[in-house]
Amino acid sequence: MNNAYYIKEPALISFSGGRTSAFMLNKILQAHKGDVPNYIHVVFANTGKEMEATLDFVKDCQEHWSVDIKWIELDVDYSLEKDKRLFYKFVDYKSASRKGEPFTKLIDHWNKDRKPRAKNLQYKKDGTWILPNPVARFCTDYLKIRALNWYAKSINLQTYQTVLGLRYDEPRRVHRRKNSKYETKKKTSLMPMYDAKDTIHDVQNFWEKSNFDLGLPIINGETPHGNCDLCFLKSHNKIVQLVKEKPERAEWWSQTEKKAKNVFRRDRPSYTEYIETVDIQPQLPFDDDGMDCFCHD
């Protein structure tokens, strides 16, 4: 019988630092008798806005399973020539950014160094900056996808599969990925969890029996605290509850909007408004009507 987790070709495992992604990594390790072949690379792209528990979890997976996980993140050096300022670098658990530095540098670079498209010229004229938003998710593009592509290029890997933790109970996300612009002849996606028909229940059962776990709560079958702490793709209710728990979570997002004289989303409150109204917001459920991005659980 074919094992969906046995990988025969060069591959990059996109490790998000979530339970699903780690479940997939463990299954791949098992399929390869506890060791990752040298043609398979495990990569964690740090945005600087992950929860501290996520960084702890990535380190725990490394140590408990004796697996080499490459930590990378975006950086910008304005002492370099304009077309060379943005680059990627290797970090580790201790040196990984924790205050949103890669995210901040990306936004600065996007607005200082890039030539704006004609339709965005008004941003330059009135002093406002472009921020990532549900339509233009350049944060995902640069902090995650291009980071992985950079790693592949750094090791001269030209033809490979990107291994994603998309489960059998996420057919819409699987279909969208298979038909996305990221699929090319040399770069294809592999979703072994979908092929193996593993679901969120399999993931939860695995971690219930594990001797370590991600230190973030599971609510209604998902981890609302996962990925970037207050990602604008998370639902309104999630944002409200996460800010109520810890208002300082919204400070980076609020200060970034103020600096840009813009907002991440125009269809709901700014992050400053979330902070200002947190005490009068009703108790809301951690619903699941948020949007998807590449930063998988």
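The values are calculated or read from the model by the stated rules, or taken from the named source; none is laboratory data. This structure is a prediction, so every number in the text was calculated from the model and none was measured. Reconstructed Cβ throughout: ideal geometry from the backbone, glycine too, with neighbour counts over all protein chains shown. Note: accessible area is taken over every heavy atom of the protein model, side chains too, but ligands, DNA and RNA are not part of it. Shrake-Rupley method; radii C 1.70, N 1.55, O 1.52, S 1.80 Å.
Restricting to the stretch 88-136, name every residue that is more than 22 Å from Trp252 (Cβ to Cβ) and modelled with pLDDT of 95 or more.
Phe90, Asp92
Between a first residue in the stretch 74-88 that is open to solvent by less than 30 Å² (accessible area, probe 1.4 Å) and a second residue that is among the small types (Gly, Ala, Ser), which pairs have beta carbons less than 6 Å apart while being 6 or more apart in sequence or on different chains?
Tyr88/Ala147
Can you tell me how many residues in the stretch 184-203 are under 20 Å from Phe15 (Cβ atoms), surrounded by fewer than 20 Cβ atoms within 10 Å (Cβ to Cβ) and among the charged types (D, E, K, R)?
Total meeting the criteria: 3.
Need the failing condition index for Cys231 against (1) modelled with pLDDT under 95; (2) under 21 Å from Ile107 (Cβ atoms), just the number.
All conditions pass for Cys231, except number (1).
Could you list, ordered by first residue, the pairs with Cβ atoms under 7 Å in which the first is in the stretch 144-163 and touching a residue at least 60 places away in the same chain (Cβ under 8 Å) and at positive phi and the second is surrounded by fewer than 17 Cβ atoms within 10 Å (Cβ to Cβ) and assigned to a helix (DSSP H, G or I), at least 6 apart or interchain?
none
Tell me which residues, restricted to the stretch 89-106, are small (Gly, Ala, Ser) and in contact (Cβ under 8 Å) with a residue 40 or more places away in the chain. Steps first, please.
From the stretch 89-106, those small (Gly, Ala, Ser) are 95-97, 100; that's our starting set.
Matches in the stretch 89-106: Ala96, Ser97, Gly100.
Take Asp169 and decide whether it is among the acidic types (Asp, Glu), within 23 Å of Lys8 (Cα to Cα) and either crowded, with 17+ Cβ neighbours inside 10 Å or over 17 Å from the mean Cα position of the chain (by Cα) (or both).
Working: among the acidic types (Asp, Glu): yes; within 23 Å of Lys8 (Cα to Cα): no; either crowded, with 17+ Cβ neighbours inside 10 Å or over 17 Å from the mean Cα position of the chain (by Cα) (or both): yes.
For Asp169, the condition - among the acidic types (Asp, Glu), within 23 Å of Lys8 (Cα to Cα) and either crowded, with 17+ Cβ neighbours inside 10 Å or over 17 Å from the mean Cα position of the chain (by Cα) (or both) - is not met.
When the stretch 57-79 is examined, which residues are found to be of a type in the set (Phe, Trp, Tyr) and within 16 Å of Asp92 (Cβ to Cβ)? Before you say what the answer is, go through the steps one by one.
Initially, the stretch 57-79 is screened for residues of a type in the set (Phe, Trp, Tyr), giving 57, 65, 71, 78.
Result: Phe57, Trp71.
Within the stretch 204-217, can you find the residues that are free of Cβ contacts under 8 Å to residues at least 40 places away in the same chain and either buried (at least 18 other Cβ atoms within 10 Å of the Cβ) or over 11 Å from Phe23 (Cα atoms) (or both)?
The answer is Glu208, Lys209, Pro217.
Could you tell me whether Asn46 is open to solvent by less than 10 Å² (accessible area, probe 1.4 Å) and out of contact with any helix residue (DSSP H, G or I) (no Cβ under 6 Å at 6 or more places or on another chain)? Spell out the reasoning first.
Numbers: open to solvent by less than 10 Å² (accessible area, probe 1.4 Å): yes; out of contact with any helix residue (DSSP H, G or I) (no Cβ under 6 Å at 6 or more places or on another chain): yes.
Considered against the rule, which asks whether it is open to solvent by less than 10 Å² (accessible area, probe 1.4 Å) and out of contact with any helix residue (DSSP H, G or I) (no Cβ under 6 Å at 6 or more places or on another chain), Asn46 comes out as yes.
I'd like to check something: does the stretch 34-42 contain any residue that is buried (at least 20 other Cβ atoms within 10 Å of the Cβ) and at pLDDT below 95?
Yes, some residue in the stretch 34-42 is buried (at least 20 other Cβ atoms within 10 Å of the Cβ) and at pLDDT below 95.
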